[in-house]
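**Q** Sharing a structure below in structure tokens format, with a few things to ask.
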Amino acid sequence: MSLRPDNDRFKARDADAVMTFGQLCGALSYCSEATLRVFAGQALRHALISALRQEGHAFTDMRFHAWFAGLTTLSDESPRHARDPRSVCSAILTELANWDDAIVSQLAEQLKTALLAPLDSSGHNANAEAHRIVEAARMLVRGLPSADSPAPLSDLAALHDALASSIDFAPSERTTTRLAFANRQFDVAIPAPQAPLWAIDMLAGRHLCDGQGLRIAFPMPGLARLEAFGMTDGLRRRQSGAPGLLEAAGKMLSQLRSAHALASFVHAPVPGRRGSSRAPMLMELLAGFGPLRSRQIETMLGASRLGVTGMIESWEAQGAIGRTTISGSHLLELRATPRDLQRPTAPEPSAFSAGALDDYEASLEAIDRLLARRNNLPPVDDED
């Protein structure tokens, strides 16, 4: 009996992955610049949160934003084996800020200035380690086929082949230490750091975007699959690229749909607001990246405190912004979706009853019949 997976099932999965990625590429080709900016905020937030959770940190989305704003720790008990969260975020944003993509690089540079989370005791060593990981990922991705390749699954197959022989990204083995007491000894397992596949997802995402000539390049969390390391069968290992592409592209496509709706709301005309107002820029940040302090917004937009306060008040007047108080400071967030904020207005009631309107329609039909009958009569001679 053959142990090979069913080829038809794998072909269907590959087709789903390529189709989803193709839909994402097509949608990115036609969306507006405002949609791309909101989408970039969502993509960067997704990359940072995914990287931190991959490292073993446990937190809610709101806890992440409060930590990013310097208001609290990322989690109540940080895992001993996890890398410093600020160093990981700083390394990701530094890399993205150096990309050629103007939208992503500008936003990453803004977010670097808004990163107010404290650095843990590891300090400089943690920063150096995070940047070393990013550089190792760059070298690995550079060894893949040319970015001009139009076949994403072929690129991912080569990626997982390279990962299988990588020392930097292979899962670390657990080590043990012996604890001795008066009459007994215990062997205690020491958790090892997680494989930093977040760096691969970031650089491989850019590689795929460049290969398709997209208007924007972004990280794609989920591309690199940890299970590929344990596969001795090269074919099975290369086939693991399709689930990663399907997961990553599906998530990004969902975010792009959301970004399109949010961008339409952000830039809808508002009575009394000047055309030169920067209020939509503030809402783009909240709609894309998520909750921020006014202090962060001032830094990101290069605006004064008074100017940001005016922008916030204009949106609060529409009920579009909410506040969450943490450690005595306010996190500003998008309160509702555009569907909630833009309810269709009810049609005005008619001044005529339904019966009157029916009589009117009947009269028009009678006139039409009379005109038609007149047009069918023979011509009448004029009398002298």
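The values are calculated or read from the model by the stated rules, or taken from the named source; none is laboratory data. Computed from a predicted structure; not experimentally measured. So basically every Cβ, Gly included, is an ideal-geometry build from the backbone, and we count neighbours across all protein chains shown. Accessible surface is based on the protein model in full, side chains and every heavy atom, while ligands, DNA and RNA are left aside. Shrake-Rupley method; radii C 1.70, N 1.55, O 1.52, S 1.80 Å.
**Q** Give me D for region 277-338 in µm² s⁻¹, whole number, from Stokes-Einstein with Rh from the Kirkwood sum over alpha-carbon pairs, 25 °C and 0.890 mPa s.
**A** The diffusion coefficient I find is 213 µm²/s.
**Q** Give me the net charge of V104's neighbourhood, meaning all other residues with Cβ under 12 Å from the Cβ of V104; Lys, Arg count +1, Asp, Glu -1.
**A** Taking every other residue near V104 into account, the sum is -1.
**Q** Moving on to the next point. Keeping every protein chain present and rolling a 1.4 Å probe, give me the accessible area per residue for region 60-130 in Å².
**A** Per-residue value: 44 Å².
**Q** Let me ask something else. What does the charge count near F68 come to, summing +1 for each Lys or Arg and -1 for each Asp or Glu among other residues with Cβ under 10 Å from its Cβ?
**A** +4
**Q** Next question. Can you give the net charge of the other residues whose Cβ lies under 14 Å from the Cβ of Q23, counting K and R as +1 and D and E as -1?
**A** Local charge sum for Q23: +1.
**Q** Where the Cα atoms of region 1-121 are projected onto their three principal axes, how long is each span, largest first, in whole Å?
**A** For region 1-121, the Cα spread along each principal axis is 55, 45, 24 Å.
**Q** Same structure again: Provide the per residue accessible area, probe 1.4 Å, for region 277-338, rounded to a whole number of square angstrom.
**A** 43 Å²
**Q** Can you send over the solvent-accessible area of E316, 1.4 Å probe, protein chains only, in Å² to the nearest 10?
**A** Accessible area of E316: about 70 Å².
**Q** Accessible area of region 277-338 with a 1.4 Å probe: how many percent of it is carbon plus sulfur?
**A** 49 percent
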